[in-house]
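Below: one structure, written as C-alpha cells.
All of the numbers you see were taken from the coordinates with simple rules; none came from a lab. The structure displayed is predicted, hence computed values, not measured ones. So basically every Cβ, Gly included, is an ideal-geometry build from the backbone, and we count neighbours across all protein chains shown.
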C-alpha cells in the first residue's frame, strides 16, 4: 500500500494550546493533539503519514505552504488561527496549491466574536471544519482518505 502524506500547518498562538483560554480551546497542547491524532491514524490507517508545522510568523507559514508544490502530499490541512480572518497573503499562497486543502478550527467560530466569522482563507480551501476540537485534524485526514 502506498504511503499517503498529509501536511498539517498551524498558525499563530496554536503553540499555546493548553495554556491559552482552556475554557475555549481545552487543556491539550498542540503536541498532545498531534500525538493523539497520529496514534489513531497509525491504528486505523498505517500507510498515512503526517508532517506537522506551526509558526506564529505569517511569512514562515507562506513558505511552508509553497513547499507543497514540490512534494507529494495527498492534502494540506491548515489551521491558520487568527490569520484566517486577516491574511490576504495566506489566501494568495493557498490559491497556488493544487491538492485538496482543508481548513480546520478547533472552535465553532460562528459562536464567537463577529470578526472571527469572516475567513479570508476560506476562499481558497475545499472544506472547512470547525467546532470539532482536537478531533478536527483526525477528521480532516479521514475526509480525504476515501478520495485518494
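Over the stretch 1-60, what is the relative contact order in percent, taking alpha-carbon pairs closer than 8 angstrom and at least six residues apart?
On the way: 68 pairs, mean separation 32.2, N = 60.
Over the stretch 1-60, the number comes to 54 percent.
Based on the inverse mean of 1/r over its pairs of different Cα atoms, what is the Kirkwood hydrodynamic radius of the stretch 1-71, in Å?
Numbers: mean 1/r = 0.0738 Å⁻¹.
Result for the stretch 1-71, one decimal place: 13.5 Å.
Working out 0.36 nm times the residue gap between residue 47 and residue 114, then minus their Cα-Cα distance, what length gain in nm do you get to one decimal? All intermediate terms of the calculation are to be shown ahead of the outcome.
Numbers: separation 67, 0.36 × 67 = 24.12 nm, distance 4.03 nm.
That pair, residue 47 and residue 114, stretches by 20.1 nm at full extension.
State, to one decimal in nm², a quarter of the convex hull surface area for the C-alpha atoms of the stretch 67-143, i.e. the direction-averaged projected area.
Values: hull surface 19.5 nm².
Here the figure is 4.9 nm², rounded to one decimal.
Can you work out the PRE-style zone for residue 95? Point 7 Å along Cα to Cβ, and I want the residues of the stretch 35-64 with backbone N under 17 Å.
Once the point is set 7 Å along Cα→Cβ of residue 95, 62-63 turn out to lie under 17 Å by backbone N, inside the stretch 35-64.
For 123, 64, which order do you get if you count the other beta carbons within 10 Å of each Cβ and list the fewest first?
123, 64
If I take every Cα pair under 8 Å that is 6 or more residues apart in the stretch 25-148, average their sequence separation and divide by the length, what percent do I get for the relative contact order? Don't skip to the end; give the middle numbers.
Details: 149 pairs, mean separation 32.2, N = 124.
Once normalised by length, the contact order is 26 percent.
Percent of Cα-Cα pairs more than 18 Å apart in the chain, please.
Working: 5820 of 10878 pairs.
That fraction is 54 percent.
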